[in-house]
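The values are calculated or read from the model by the stated rules, or taken from the named source; none is laboratory data. Please read these numbers as outputs of a predicted model, since none were measured by experiment. Ideal geometry is used to build each Cβ from the backbone, glycine not excepted, and the neighbour counts take in all protein chains shown. Note: accessible area is taken over every heavy atom of the protein model, side chains too, but ligands, DNA and RNA are not part of it. Shrake-Rupley method; radii C 1.70, N 1.55, O 1.52, S 1.80 Å.
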Amino acid sequence: MTSLIAVTLLAILLFSPMFVLHGLGAFDFWWWMSSNLVVLISLALILDQSYRIFIKEDFTRGITRKVLMGLASAIILYFFFFFGNMLSRLMFDFAGDGISNVYAFKGDAEGIRIGILMLLIIGPGEEFFWRGFLQRHFQRRLGKWRGFILATVIYTGVHVLTGNVMLILAALIAGLFWGWMYMKYNSMVMNIVSHTIWDIAVFLIFPFS
């Protein structure tokens, strides 16, 4: 339990300033997020021997079905945000600026580099850590629903210091969606496909700003 608390606190310390500062000199947002995830997933693999077994089993059973369900869920979530984007801009004066500030994370980074990092590290890494490690352990100790809620609160919470209501709401909705998917289907493959496809669609292919 002590190691789980330590890793959770480390994740909060690594992610919270990243969303506020966007980068440190040449070390931009995308390198920063990728580095955070590599550190946290490495710790997860070291601390939890069963984690590797869980991942291996997930990637060797029913892979086609999981990929297709992940793709379908990404499409559903995209259109939920698509209509949410339109409604929020009509209802709230601050929505447009808040959404534009989310896209400001792109900075001067080339789209191809962002896409590669999303595909290889960020999309898979977020699911490996937030759902596959953190939520899985919380569910084991607190029960499915409490573990799911706590993991989602922490996932949303690391965005709070930005003060960007739209970003915080997006993190909450996405966290609830992927957290529920993991709780119901217990599949990293499904979550990784969903998260990665959604990231690339929203930030690079069909953005809302």
### Summary
Relative contact order of region 73-205 (C-alpha contacts under 8 Å, at least 6 apart) in percent is 36
### Query
Toward the positive end of the charge dipole of the chain, about the Cα centre and with charges on Cβ (Lys, Arg +1; Asp, Glu -1), which of L150, M33, P124 goes farthest?
L150
### Summary
Computed from every Cα-Cα pair in the chain, P(r) in 5 Å bins starting at 0 and rounded to whole percents is 1, 7, 15, 20, 22, 17, 11, 5, 1, 0
### Query
Quick one: how many Å² of F92 are accessible to a 1.4 Å probe, rounded to 10?
80
### Query
To the nearest 500 deg cm²/dmol, what mean residue ellipticity at 222 nm is calculated for the chain from DSSP H runs of n ≥ 4 alone, each contributing -39,500 (n - 2.57), summed and divided by the residues?
-23500 deg cm²/dmol
#### Entry: For region 17-22, 3J(HN,Hα) per residue [Karplus equation, 6.51 cos²θ - 1.76 cosθ + 1.60, θ = phi - 60°, Hz, x = Gly/Pro]
x, 4, 6, 8, 8, 6
### Task
Order V202, V39, most accessible first, counting only protein heavy atoms with a 1.4 angstrom probe.
V39, V202
#### Entry: Only Lys, Arg (+1) and Asp, Glu (-1) charged, at Cβ; the chain dipole about Cα centre in debye
880
### Task
Taking a cut-off of 22 Å between Cα atoms, list the lysines near K66, but don't count ones fewer than 8 places away on the same chain.
K56, K144, K184
